[in-house]
Amino acid sequence: MSKQPLSRRKFLATAGVGAIGAGLLAKPAIASGTRHWKMVTSWPKGAPGVGITAQRLADRITLMSGGKLKVKLYAAGELVPPLEVFGAVGGGTAELGHTASFFWQGKAKASVFFTTVPFGLTALEHMAWINQGGGQTLWDKLYAPFNIKPFMAGNTGIQMGGWFKKEINSLDDLKGLKIRSAGLGGDLYEKLGATAVLLPPGDIYAGLQSGLVDAVEFLGPWSDRGFGFYKAAPYYYWPSFNKPNGTAECLVNGHAFESLPPDLKAVVENACQAENAFGLSESDWENARALDDLITNKKVDVREFPADVIAAAKSLTPALLDDFVKGDAIAEEILTAYRKALGLAASWSRVSRQAFLNARDG
């Protein structure tokens, strides 16, 4: 796997196409009624959170199908590079992929809305939109031209703000900072004066340690601790204004999915749903445990972002989203639907979860 970083421009122009040259999907190997499928991922093998979720999903499908659909997982770089999963699945190198949708905004701009959006839907709100509010139909429409059927398949929950080598005392301290970031969060950091650098998950720690980047925003305490970021950056900031959700996606080759009988289609879909729910609860629990360990045993300095950083980021986000989708019909359609879902969710969350947490913890 290459250790060279990608500029945002170069990555967004090429992401997802590298594996399409593999051509048409080979007919699945079927012996005694058994299909053998490959799953490629964007994650290092066994990575806390996302890597564990990917392996568990492969195992779920195999077990739930009674062995009629056996899935073998290939971690990042074992079959295709981590940022070429989209093209590998659509083009037929693998039948399945486990990744995050915001890696593919160079191929399908609106893909970012199906991972996370700055100041957007939380994990439960996002799940409600996908399952109940028409989000899945829009997601299917977006990916159909690429021969891909998407499913939610894991969730790392709300993220942390990131790891920084130096203190952030005001908005000025972000100016010129090189931060590893992905999706619209990276675009927002650039609006705030930083430089966003996209590194595959397996390359992030080396980039932070070497000085290639000055800061990193990735996931939550469980995954971040597993990648060792605390060893290279002492300051851990909250809240994650740019990543309120952490939906992972299972990509299924469209031809392969349609070749399945109804019972195996149901297995794939229900395995994804089960892993999505289980992964979110696991992340919520393990993030709490990991944060306690980072503070108590690793002596990490956990800090709140200055008010002017949050205020500037919030004020810049609406125009950022408008400019991002401008001229792309389906992206404009999805943003409109997303904002409608956000308004509806916020009105309920305000008098339910938010009100209760204020009462409980305030």
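No lab work stands behind these numbers, since they all come straight from the coordinates. This one's a predicted model, so the numbers in the text were calculated from it and none came from an experiment. Reconstructed Cβ throughout: ideal geometry from the backbone, glycine too, with neighbour counts over all protein chains shown.
Using 1/(1 + (r/R0)^6) with R0 = 56 angstrom and r between the beta carbons of residue 63 and residue 231, what's the FRET efficiency to the nearest 0.05?
For residue 63 and residue 231, the calculated efficiency is 0.90.
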Point to revise | Residue-averaged 222 nm ellipticity for the chain, from DSSP H runs of 4+ at -39500 (n - 2.57), nearest 500 | key: -14000 deg cm²/dmol
Study note, to complete from the structure: Square roots of five times the C-alpha gyration tensor eigenvalues of the range 146-223, ordered largest first and given in whole Å, equal 24, 14, 13
Practice item. Hey, for a label at residue 141 modelled as a point 7 Å past Cα toward Cβ, could you say which residues of the range 100-126 have their backbone N under 17 Å away? Key: 108-114
Check your understanding: Using Cα-only point scatterers and the Debye equation, what is log10 of I(q)/I(0) for the range 109-197 at each q in 0.18 Å⁻¹, rounded to two decimals?
Key -> -0.88
Review point. What ratio of Cα Rg to 2.2 N^0.38 Å holds for the range 297-362?
Key: 1.58
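How much net charge surrounds residue 160 when only other residues with a Cβ under 15 Å from its Cβ are counted (Lys, Arg +1; Asp, Glu -1)?
Residues near residue 160 contribute -2 overall.
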Practice item. Would you please give the FRET efficiency between residue 332 and residue 352, computed as 1/(1 + (r/R0)^6) with r the Cβ-Cβ distance and R0 = 30 Å, to the nearest 0.05? Key: 0.50
**Study point:** Long-range lysine pairs (8 or more apart or interchain), the range 126-212, Cα under 27 Å
**Key:** 9
Review point. Which one of 216, 233, 245 is farthest out on the positive end of the charge dipole of the range 210-267, using unit charges on Cβ (Lys, Arg +1; Asp, Glu -1) and the Cα centre as origin?
Key: 233
Review point. What lysines sit close enough to residue 45 to cross-link, taking a C-alpha to C-alpha distance under 16 Å and skipping anything fewer than 8 places away on the same chain?
Key: 72
